[in-house]
Amino acid sequence: MDPNAQDAAVRKAAFDWLEAQCAIHGDVLPRAVLAEGFQFQGRRVPLVSAQGIFKPAVCPELPLTITTSPNGPYEDSFADDHRLLYRYRGTDPRHRDNVGLREAMRRRTPLIYLFGLIPGRYLPIWPVFVVGDNPGQLCFTVMADDRQSISETLEQGAESAMAGESKEARREYITATIQYRLHQRSFREKVLAAYRERCALCQLRHRELLDAGHIIPDNDPRGEPRVSNGLALCKIHHTAFDRHFLGISPDAVIRIRTDLLKEKDGPMLRHGLQALHGRSLVLPRKREHRPDRDALAERYSRFLEVQG
């Protein structure tokens, strides 16, 4: 197969595989899944390795993925104008990995960005394009594009036929939405990890059924995405908390709304809500991850107001 055609086919297969994996696991993927990768013409294609700029054997010329370590603060990876900043490998602009990304920029080749949220869990972003190179700051500028553009960009590296100004605005908008999604997913992953992937109220352990609830809501200017402003909650108890069916006192004790305690209904009400009244939350092991007492007090006062 022609090398350019093979490279395009590998990228298309990688994008399709990611789409399928996100449908199974959600949009945050385990490292083990990414490291195992997929099969292409009888060859295994992993998407992640020890190198941040990764070129699997089936892509001999250009990198397929770039990876951000989950140990670094993700805010440092955004410029003010909704562009992603990706650091060079090392300090030598001529390192072969940096040269590979520079060539991907020249050819306008789409890549996959694996954004580490916590150790072992990554949010894949695709397609992304290297759109700038700043040797003085030892970093590349990266922007995301919509997935409908994939087929066009994989044809001999051709850019979308859309006018440059419109394409720039589209990419800025998409990258801005990804920035918001990274904040949300990072908050969720950190909260679930702090609560050992179980509901703080009922101990349900299936992460697909768990949310990271805010104590001070995220639409409040003080509702920061800190673990101490979060609770790992199953979807039923998250909704019950948001709708003030239940409250949590400053000393982390669960209180069920008075009228619900008197209500007669099926086993969900009896075991899922009424039986929790007076119980204490199961808290994170690390003290700094436990719910902020002042935030709980403020939220609990709202719960009491609703009760009248």
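Of note:
- Hits in the range 252-266 - residues which are touching a residue at least 24 places away in the same chain (Cβ under 8 Å) and not in a helix (DSSP H, G or I): A252, V253, I254, R255, R257
- Odd one out for G278 among (1) closer than 30 Å to I24 by Cβ; (2) at pLDDT 95 or above; (3) surrounded by fewer than 16 Cβ atoms within 10 Å (Cβ to Cβ): (1)
- Residues satisfying the stated conditions in the range 286-308, i.e. in a helix (DSSP H, G or I) and under 26 Å from E189 (Cβ atoms): R287, E288, H289, R293, D294, A295, L296, E298, R299
- Residue selected from the range 179-203 under the condition part of a loop (DSSP other than H, G, I, E, B), in contact with a Leu (Cβ under 9 Å, 6 or more places away or on another chain) and not small (G, A, S), by the criterion nearest to I254 (Cα to Cα): L201
- The condition of being in contact with a strand residue (DSSP E or B) (Cβ under 6 Å, 6 or more places away or on another chain), modelled with pLDDT under 95 and outside the structural domain of G26 (by TED's automatic domain parsing) holds for only one of G230, G213, G223, that being G223.
- So F245, is it at pLDDT 95 or above, among the aromatic types (F, W, Y) and either in contact with a helix residue (DSSP H, G or I) (Cβ under 7 Å, 6 or more places away or on another chain) or on the phi > 0 side of the Ramachandran plot (or both): yes
- Subset of the range 214-247 that is in contact (Cβ under 8 Å) with a residue 40 or more places away in the chain and part of a helix (DSSP H, G or I) - its residue that is surrounded by the most Cβ atoms within 10 Å (Cβ to Cβ): N229
- The set of residues in the range 1-40 being among the polar types (S, T, N, Q) and touching a residue at least 12 places away in the same chain (Cβ under 8 Å) consists of N4, Q6, Q21.
- Of residues in the range 171-185 being free of Cβ contacts under 8 Å to residues at least 40 places away in the same chain and within 14 Å of the chain's Cα centre (by Cα), the one farthest from V227 (Cα to Cα): T177
- Test: I118 is within 24 Å of E189 (Cα to Cα), of a type in the set (A, V, I, L, M, F, W, C), out of contact with any strand residue (DSSP E or B) (no Cβ under 6 Å at 6 or more places or on another chain) and at pLDDT 90 or above: yes
- Being at pLDDT 95 or above, within 30 Å of V191 (Cβ to Cβ) and touching an Asp or Glu at 6+ places or on another chain (Cβ under 7 Å) holds for only one residue in L111, L123, and it is L123.
- The range 123-145, subset among the aromatic types (F, W, Y) and within 23 Å of H95 (Cβ to Cβ), residue surrounded by the fewest Cβ atoms within 10 Å (Cβ to Cβ): F129
- Search result, residues across the range 96-122 that are over 23 Å from A13 (Cα atoms) and surrounded by 21 or more Cβ atoms within 10 Å (Cβ to Cβ): N98
- The range 204-213, subset in a helix (DSSP H, G or I) and not acidic (D, E), residue surrounded by the fewest Cβ atoms within 10 Å (Cβ to Cβ): L209
- Restricting R287, R293, R270 to residues that are in the same structural domain as R222 (by TED's automatic domain parsing) and in contact (Cβ under 8 Å) with a residue 24 or more places away in the chain narrows the list to R293.
- Residues considered: L283, L269. Of these, the only one that is outside any helix (DSSP H, G or I) and farther than 19 Å from P217 by Cβ is L283.
- Qualifying strands (runs of 3 or more DSSP E) (wholly inside the range 20-137; at least 1 residues being under 23 Å from R181 (Cβ atoms) and assigned by TED's automatic domain parsing to the domain that holds R170): 65-68, 84-87, 111-118, 121-134
The values are calculated or read from the model by the stated rules, or taken from the named source; none is laboratory data. Owing to the predicted nature of the structure, the values given are computational and were not obtained by experimental measurement. Counting neighbours? That spans all protein chains shown, and the Cβs are built from the backbone with ideal geometry, glycine included.
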